[in-house]
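To start, the structure itself, in structure tokens.
The values are calculated or read from the model by the stated rules, or taken from the named source; none is laboratory data. A quick note: this is a predicted structure, and the numbers were derived from the prediction, not measured. Neighbour counts are summed over all protein chains in view; Cβ atoms, including those assigned to glycine, are modelled from backbone coordinates with ideal geometry. Each accessible area value is taken on the protein alone, full model and side chains, heavy atoms only, with ligands, DNA and RNA left out. Shrake-Rupley method; radii C 1.70, N 1.55, O 1.52, S 1.80 Å.
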Amino acid sequence: MFSTSNPIRVLVVDDSAVARNLITKGLASHPNIQVIGTAINALDAKNKILRFSPDVVTMDVEMPGTSGIDFLKQFLPSHPLPVILVSSLNLRVFDALAAGAVDFVRKPDGTESVSSFIHSLAQKITIASCAKVRSPVVRSTTPPSPAVHIPQPTASPLLGNIPGSFLNDTIIGLGASTGGTEATLEVLKRLPADIPGMVIVQHMPVGFTQMYAQRLNRLCQMEVREAVYGDEIHRGLALIAPADYQTRVVRIGNRYTVSCLPGEKVSGHRPSVDVLFSSMASAVKCHMVGIIMTGMGRDGASGLLEMRKAGAYTIGQDKDSCVVYGMPGVAQEIGAVTIQASCENIASVLMTHLKKGNG
């Protein structure tokens, strides 16, 4: 993608001198990446971005004075620039993603080696260098009303007169990577509380999937939680695959549960969208839908094709609304996608399909 004669120019922003030195020295071993400068706070970052015009910025979420989140809200609308967050285990990382950051990595805390951290950061910098930067998302500051989650709710007006048996016998799989945290939220927040059971793979570091599930649970009508081995898939529930575990759909009689187990990476990931989709293609004997969204690479494309060949209705996010048109692009190319839709319209396409009631 990049040659050593044309490296990706990176500005490292962190109030910690230790973190700045760690990142700068670590990235020096990657010939396709050049650290062109460092900044100690948001004001310093703004000045050096205007001075050096970096291709990508790495930024800590929590900094004294103006936080990384406030910086993104203030700066990105007028200066679209790919930003990779470098964060400790902190719920505010999702606010920063909503403010327009492309992706994030977890700071090493003893559970991960420095070399693994640098490798992950370098990969995300490379992806970010060709990503489409979104405008910050503006959301109401009014806290949402507490949701009442019912395991087997009755049909809502949004689902019309669809037979309950059809909705109970439908499983939805969704996979996303770079840009997917906000894209998946855009889909789920438009769906009713009694949507057919969903299983979701979103590539992210260990520790963040539970916080992400809790965030979605607060913002969406259906119940959302991090999956645990043996969880039953049912209407009104969306399960988020836990980081570092391969998640599969398993059929037990007329019930469907999830298996979350350690294992080798597949398509470069754990959890892998391909693993989820392939398990659905082989195990699910009722109606099923597969949705593939923004992300670099091809994870999920082959599995989605298996699902379509097994009779699933498949939806791919379109190029214009993707942060990175990799995974859905490959899926489209190999014939795995029944229909493409923008991030904002995927929920509507799904609802239309369900209302037809034809599986």
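Computed quantities for the displayed model
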item: Complete set of residues in the stretch 11-32 that are outside any loop (DSSP other than H, G, I, E, B), touching a helix residue (DSSP H, G or I) at 6+ places or on another chain (Cβ under 8 Å) and open to solvent by 50 Å² or more (accessible area, probe 1.4 Å); result: LEU22
item: Candidate set: the stretch 311-327, residues that are farther than 12 Å from GLY173 by Cβ and aliphatic (A, V, I, L, M); chosen: the one surrounded by the fewest Cβ atoms within 10 Å (Cβ to Cβ); result: VAL324
item: Residue match in the stretch 252-267 (condition: under 21 Å from ASN168 (Cα atoms), crowded, with 22+ Cβ neighbours inside 10 Å and in contact with a strand residue (DSSP E or B) (Cβ under 8 Å, 6 or more places away or on another chain)); result: yes
item: Subset tally (residues that are small (Gly, Ala, Ser), surrounded by fewer than 24 Cβ atoms within 10 Å (Cβ to Cβ) and within 15 Å of VAL266 (Cα to Cα)) for the stretch 295-310; result: 2
item: Residue list for the stretch 209-245, restricted to those being open to solvent by 40 Å² or more (accessible area, probe 1.4 Å), in a helix (DSSP H, G or I) and not basic (Lys, Arg); result: GLN210, GLN214, ASN217, LEU219
item: Condition met for ARG248 (part of a strand (DSSP E or B), open to solvent by 10 Å² or more (accessible area, probe 1.4 Å) and not aromatic (Phe, Trp, Tyr)); result: yes
item: Residue match in the stretch 156-175 (condition: in a loop (DSSP other than H, G, I, E, B), at pLDDT 90 or above and not acidic (Asp, Glu)); result: no
item: Residue that is farthest from LEU11 (Cα to Cα), among those in the stretch 41-52 that are surrounded by fewer than 18 Cβ atoms within 10 Å (Cβ to Cβ) and among the aliphatic types (A, V, I, L, M); result: LEU43
item: Cβ-Cβ under 8 Å pairs, at least 6 apart or on other chains, the stretch 111-132 side open to solvent by 20 Å² or more (accessible area, probe 1.4 Å), far side among the hydrophobic types (A, V, I, L, M, F, W, C) and part of a helix (DSSP H, G or I); result: VAL114/LEU22
item: Any hit, the stretch 302-321, residues being farther than 26 Å from PRO262 by Cβ, in a helix (DSSP H, G or I) and among the hydroxyl-bearing types (Ser, Thr, Tyr); result: yes
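This table checks each residue for (1) farther than 24 Å from ALA283 by Cα; (2) not hydroxyl-bearing (Ser, Thr, Tyr).
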| position | (1), (2) |
| --- | --- |
| THR178 | yes, no |
| ALA183 | yes, yes |
| VAL187 | yes, yes |
| ARG190 | yes, yes |
| ASP194 | no, yes |
| GLY207 | yes, yes |
| ALA213 | yes, yes |
| GLN221 | yes, yes |
| THR247 | no, no |
